[in-house]
Amino acid sequence: MTDEPNDMAETAGQKVNGRLRVLKGKAAFEPEKAIATATRTLVIGPYLTRHGMEAARTTPGLRSPEARLDEAVGLTQAIDLLIVGAEIAPLRLVKPATYLGGGKVEEIAKRIAAEEIGLVMMDCALSPVQQRNLEQAFKAKVIDRTGLILEIFGRRASTKEGRLQVELAHLSYQKSRLVRSWTHLERQRGGFGFLGGPGETQIETDRRLIQERMSRIERDLEEVKRTRGLHRASRDKVPYPTVALVGYTNAGKSSLFNRLTRAEVLAKDMLFATLDPTTRAIELPHGLKVVLSDTVGFISDLPTQLVAAFRATLEDVILARVILHVRDIANPDSDAQDEDVRQVLTDLGLDPAAAGRVIEVWNKADLLDDAERARLAEVSARRQGGADAKRAPMLVSAITGEGIETLLAAIETRLADDRQSFRMTLPAGDGEGLAWLYREAEVLARENAKNGALRITLRAGGEAVGRIRRRFGEKALKPA
């Protein structure tokens, strides 16, 4: 982190080539190498005051500036940067040139020089010009919220699809950085082929190279998407209903996924521990099998590049029969996080208020004190017994297992909405038929008749009903 402003004279094309090492048609994406581990970092929260929001006609959010700064620090810690300070910079007005006011810029510059800070993380979205001007004033690297989240995603993505999506989002972001960021790029250059045609400026060459790479990635992602579609189609033929986990980052989705599936998906107390989707089959209390899908966590002000890039990954959410909205109920910011997740679901074309699909899961009950846990448990129980039971939240702890059985029963009940209950009788000794029913339907109850036959109450829907009738006869099933 010894880059001086003069080092920024490096062309955008050189920057891109530094990140994209092309070997035999394959590119290995490298996250921002300028942000090294243990870099001395200052986190700045430039947030509008109430008067500033009124002047900008911005609706105040549920988060306090302190909560927003805490989240920014958590994001910064997610890539192991050494945070030497964090402060709120109240704004009455966003300055077009530097975002911050002149006096604040000078104050921060003095602190940077005194404490030998190499990186400043600005918890906002900076324009290319603002980023350049701040770097010149601070004599240090500056990264905004979008750049930081892209850096985290670049380090965490492990599947081919995840890496391609991150690279596409990063190139889209980088392409915007070419707009008037480096004045020397306006010069013209000659050459042939990839070096640029006669009269083509350096900035045009850099933008064209980025666009060509983006087009190749988009083609690769279409192929990956087709493969995912085939996998999903094969699952649909089984057919197993899909249950998707969504929620704010670090709400405990992966821990809950591990608890429900007995898997060992990475689950850490950090932001964006999970990026790549994971699916596992689980069995509900009465034998119905479902596919459980863990997804990337949401966050406030998620970069638009990432929303677009990860839309394919979130198809499991869009198509899921049941959505588990996991909330960190022990977090003081839980209501604000809930609002952010609902906004992302709305952006995906889903109605977060739809009682038929969404089950709200209040996770991390183990972190609550006894009084608060008892209060929330009472709220949950009261709503489950009320007229609007489908909107009742489930209080659970993915760590201790508290409430998990109740949650599984709620999933089963929700899936039963479009399934019917039937009665049928199996002749004595038809153990094979009984085993088949356990595989194909939910066996709710069974009792022995006097003649040795077995009376069964079961639940099934759609194709399963047809398969049962084909095996046992059209008149085998009677409505329960």
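Here residue 126 fulfils each of the conditions (1) in contact with a Phe, Trp or Tyr (Cβ under 7 Å, 6 or more places away or on another chain); (2) farther than 22 Å from residue 176 by Cβ apart from (2).
Listed by first and then second residue, the pairs linking a residue in segment 241-255 that is without any contact (Cβ under 8 Å) to a residue 12 or more places away in the chain and at positive phi to a residue that is surrounded by fewer than 24 Cβ atoms within 10 Å (Cβ to Cβ) and of a type outside the set (Lys, Arg), with Cβ atoms under 8 Å apart and 6 or more places separating them unless they lie on different chains, form an empty list. Only a single criterion out of (1) within 26 Å of the chain's Cα centre (by Cα); (2) more than 30 Å from residue 374 (Cα to Cα) is not satisfied by residue 448, namely (1). On the stretch given as segment 408-448, residues that are farther than 17 Å from residue 458 by Cβ, without any contact (Cβ under 8 Å) to a residue 60 or more places away in the chain and crowded, with 18+ Cβ neighbours inside 10 Å total 1.
Yes/no per residue for (1) of a type in the set (A, V, I, L, M); (2) crowded, with 21+ Cβ neighbours inside 10 Å; (3) under 33 Å from the mean Cα position of the chain (by Cα); (4) farther than 29 Å from residue 166 by Cα:
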| site | (1), (2), (3), (4) |
| --- | --- |
| 82 | yes, no, yes, no |
| 86 | yes, no, yes, no |
| 111 | no, no, no, yes |
| 120 | yes, yes, yes, no |
| 125 | yes, no, yes, no |
| 132 | no, yes, yes, no |
| 136 | no, no, no, no |
| 141 | no, yes, yes, no |
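Among the conditions (1) touching a helix residue (DSSP H, G or I) at 6+ places or on another chain (Cβ under 8 Å); (2) hydrophobic (A, V, I, L, M, F, W, C); (3) surrounded by fewer than 21 Cβ atoms within 10 Å (Cβ to Cβ); (4) free of Cβ contacts under 8 Å to residues at least 60 places away in the same chain, the only one that residue 91 does not satisfy is (3).
Considering 402, 440, 463, the condition of being within 27 Å of residue 281 (Cβ to Cβ), at pLDDT below 85 and touching a helix residue (DSSP H, G or I) at 6+ places or on another chain (Cβ under 6 Å) is satisfied by 440 alone.
Only residues that are more than 15 Å from residue 359 (Cα to Cα) and either surrounded by fewer than 17 Cβ atoms within 10 Å (Cβ to Cβ) or modelled with pLDDT of 90 or more (or both) were counted in segment 299-318, giving 5.
What are the residues in segment 359-398 that are of a type in the set (Ser, Thr, Tyr) and in contact (Cβ under 8 Å) with a residue 24 or more places away in the chain, if any? Working first, answer last.
If we filter segment 359-398 for residues that are of a type in the set (Ser, Thr, Tyr), which is where we start, we get 380, 397.
Hit for segment 359-398 is 397, nothing else.
The residues of segment 146-198 that are of a type in the set (S, T, N, Q) and either in a helix (DSSP H, G or I) or modelled with pLDDT under 50 (or both), listed by number, are 146, 165, 172, 174, 176, 181, 183, 188. Scan segment 449-464 for residues that are of a type in the set (Val, Ile, Thr) and either in contact with a Gly (Cβ under 9 Å, 6 or more places away or on another chain) or surrounded by fewer than 17 Cβ atoms within 10 Å (Cβ to Cβ) (or both) and the total you get is 1.
To keep it simple, each residue is scored yes or no on (1) at pLDDT below 75; (2) under 28 Å from residue 342 (Cα atoms).
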residue: 234; (1), (2): yes, no
residue: 240; (1), (2): no, yes
residue: 248; (1), (2): no, yes
residue: 256; (1), (2): no, yes
residue: 276; (1), (2): yes, yes
residue: 281; (1), (2): no, yes
residue: 285; (1), (2): no, no
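Consider residue 105 carefully, then state whether it is part of a helix (DSSP H, G or I) and within 30 Å of the chain's Cα centre (by Cα).
Numbers: part of a helix (DSSP H, G or I): yes; within 30 Å of the chain's Cα centre (by Cα): no.
Considered against the rule, which asks whether it is part of a helix (DSSP H, G or I) and within 30 Å of the chain's Cα centre (by Cα), residue 105 comes out as no.
The values are calculated or read from the model by the stated rules, or taken from the named source; none is laboratory data. Everything numeric here is computed off the predicted structure, so don't read it as measured data. Because the Cβ atoms are built from the backbone with ideal geometry, glycine has one as well, and the counts that use them run over all protein chains shown.
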